[in-house]
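Values quoted throughout were computed directly from the atomic coordinates according to the rules given, and no laboratory measurement underlies them. Bear in mind that the values here come from a model prediction, so they are computed numbers and not experimental data. Please note: Cβ atoms are built from the backbone with ideal geometry, for glycine as well, and neighbour counts cover all protein chains shown.
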Amino acid sequence: MTGREQPEAMQELLAGYVLGDLTPYEVESVLQLLSDRPEFQLEVDRLQETLSLLPHALPETTPEFDLRSRILGQAQAEMNLEAASDSALSNSPVNSPASLTVNPSPNPSVNSVLPLWRQPKIWLGAIATLAAIGFAGLSFDAYRLRQELAIAQAELSSYRNMVALLPQPNNRLLSLKGMGATPTASGSLVIVPQGNSALLTIQNLPPLPTGKMYRLWSIVNGKKMDCGNFQADASGKVFVKVPLGEFLMGTNAVVITVEPSATSPEPTGEMVMKGEVSL
């Protein structure tokens with residue numbers, strides 16, 4: 001490794017290794033680096049631990065609720081138009097019985113009306129309708145797959161941006177654990193002095209009703225200092241970038257409480273999570 005030995009390039013390479021976003025050659029280079037310089041394994045472990053706590057917090061995108069009905073409606077309208085055109089053609093003077101000479105058949109059943117199941121147009125129309133419905137279903141599924149692919153690509157891009165902030169020498173990680181009514185909640189707060197921000201990620205944190213919000217507090221000299229409000233999404237996930245004020249810069253412990261919308265200088269609601277420095 002020559003050019004990759006620069007600090008920024010090295011951090012980018014390690015971040016890509018944790019994300020699984022390297023070429024086979026780059027993976028081999030990282031493995032050789034870890035073998036030659038075991039101290040870098042600590043940085044890899046740190047990145048992996050932080051990344052494992054990052055929830056999939058992007059908002060879910062779903063197709064419009066009436067998309068399927070609009071596609072099916074369009075298909076049915078086209079079928080109705082085709083049927084009306086066929087009916088008009090069959091009733092035109094050119095095709096009327098007065099303009100045609102028909103030799104009576106000695107067998108009366110030959111000139112009788114055919115049953116529906118023996119009329120080709122009925123079957124062709126039914127097959128065309130089923131094909132249109134099938135095409136509409138495929139179009140709907142294709143739309144959904146494109147949306148899921150777009151979400152996955154955006155999520156990967158978001159992870160790259162987040163991980164790019166993580167391998168900084170002065171970063172600190174506070175692991176968050178649920179308590180009280182939210183024992184399954186977990187997450188992390190990564191303090192990034194170089195980026196003048198902190199990354200807060202949480203999962204399994206219940207969304208709050210209107211008029212309530214979660215508030216992050218840093219503990220400084222035994223006092224809880226307000227560091228910002230946030231909300232959990234419908235799936236209980238949080239991913240926010242918190243401004244790095246003076247209270248978060250040097251803190252070793254934080255708590256999260258449920259508070260009313262109005263700000264207050266001290267916590268008044270239930271404490272639902274707490275965190276301490278782990279790295």
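Structure summary
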| read-out | value |
| --- | --- |
| Label-point separation, Glu266 to Glu246 (7 Å along Cα→Cβ), nm | 2.1 |
| Largest to smallest principal axis extent of the C-alpha atoms in the range 169-279, angstrom | 39, 28, 22 |
| Spatial separation of Cα centroids for the range 184-236 and the range 245-272, in angstrom | 8 |
